[in-house]
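Working notes, beginning with the structure itself.
The values are calculated or read from the model by the stated rules, or taken from the named source; none is laboratory data. Just so it is clear, the structure is predicted and the values come from calculations on it, not from any experiment. Counting neighbours? That spans all protein chains shown, and the Cβs are built from the backbone with ideal geometry, glycine included.
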Amino acid sequence: MADHKDQRMIDPLEDMTDQSVEEDSKKQKLNEQQRRAFYAVLLAFRAETLSSGNKRTQIIEKLMSEWSIAQETLVSFEDNIQKNLVAHQERVDSEVKEPKKPLTISQPVKQNIDLGLFVTKLQAKKPTLCSSWGRVNPEALVGRRVCVRMPGEDEFEVLVIKEFNAKDGTHRLATVDPNVMWLNETLSWIDVRKVPDEDIRWKNGEKPDFETPPGSGAGH
């Protein structure tokens with residue numbers, strides 16, 4: 001008996017209240033989901049063509065009946081959709097009306113070139129002719145072969161002109177035969193204009209038309 005007296009009594013009214021609150025919450029969530037689905041249907045119908053208007057009206061009326069959606073809700077949703085569409089169209093129109101900045105492509109700047117100055121610069125790059133050589137460019141002799149009889153020698157040595165020194169007007173000569181060594185570096189630099197004609201022979205007998213320096217000892 002004591003155990004029955006200490007046992008807490010459960011109020012049946014309190015239990016029914018909890019169940020009722022839970023059911024109301026579920027019902028509210030369901031109604032909210034139905035309203036969202038109904039709004040999505042209206043938005044989808046607005047994107048369709050007007051040719052399906054009769055069928056669309058039947059679907060809307062059926063949903064309103066099954067989901068207990070009032071006419072005021074339908075009008076409110078359609079007004080909201082219309083306002084959003086109008087606002088979207090206004091944004092699109094404003095973007096179209098804004099002038100677009102033309103795409104500018106930088107063009108290379110054309111420079112006025114003085115032809116005379118251009119030719120002068122090209123000529124400046126060419127080897128400077130020595131006035132003492134007359135009509136011959138001494139640097140043009142580089143690469144030619146000559147036969148030279150060095151002082152004190154009886155026979156001619158086949159040599160090739162390697163380079164020109166504009167400071168003193170001499171050319172550096174080198175032997176063609178790799179087995180022959182040029183021992184005297186000083187003698188390898190020669191002013192070919194000053195070599196007597198009997199001691200120098202040009203290939204094919206084509207002697208360059210240079211002027212012989214006065215008092216050089218070279219002659220025709």
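Collect the residues in segment 134-148 that are over 15 Å from Trp189 (Cβ atoms), touching a residue at least 24 places away in the same chain (Cβ under 8 Å) and assigned to a loop (DSSP other than H, G, I, E, B), keeping them in residue-number order.
Answer for segment 134-148, where residues must be over 15 Å from Trp189 (Cβ atoms), touching a residue at least 24 places away in the same chain (Cβ under 8 Å) and assigned to a loop (DSSP other than H, G, I, E, B): Gly134, Arg135, Val136, Arg144.
So for segment 33-44 (the condition being within 19 Å of Gln82 (Cβ to Cβ), at pLDDT 85 or above, part of a helix (DSSP H, G or I) and among the charged types (D, E, K, R)), does at least one residue qualify?
Yes: one or more hits.
So, in segment 168-190, how many residues would count as being modelled with pLDDT of 90 or more and in a loop (DSSP other than H, G, I, E, B)?
0
Criterion first (small (Gly, Ala, Ser) and at pLDDT 75 or above) does Ser106 satisfy it?
The answer is no for Ser106.
Out of the residues in segment 208-220 meeting the condition of being surrounded by 15 or more Cβ atoms within 10 Å (Cβ to Cβ) and not small (Gly, Ala, Ser), tell me which one is modelled with the lowest pLDDT.
Filtering segment 208-220 for residues that are surrounded by 15 or more Cβ atoms within 10 Å (Cβ to Cβ) and not small (Gly, Ala, Ser), the one modelled with the lowest pLDDT comes out as Thr212.
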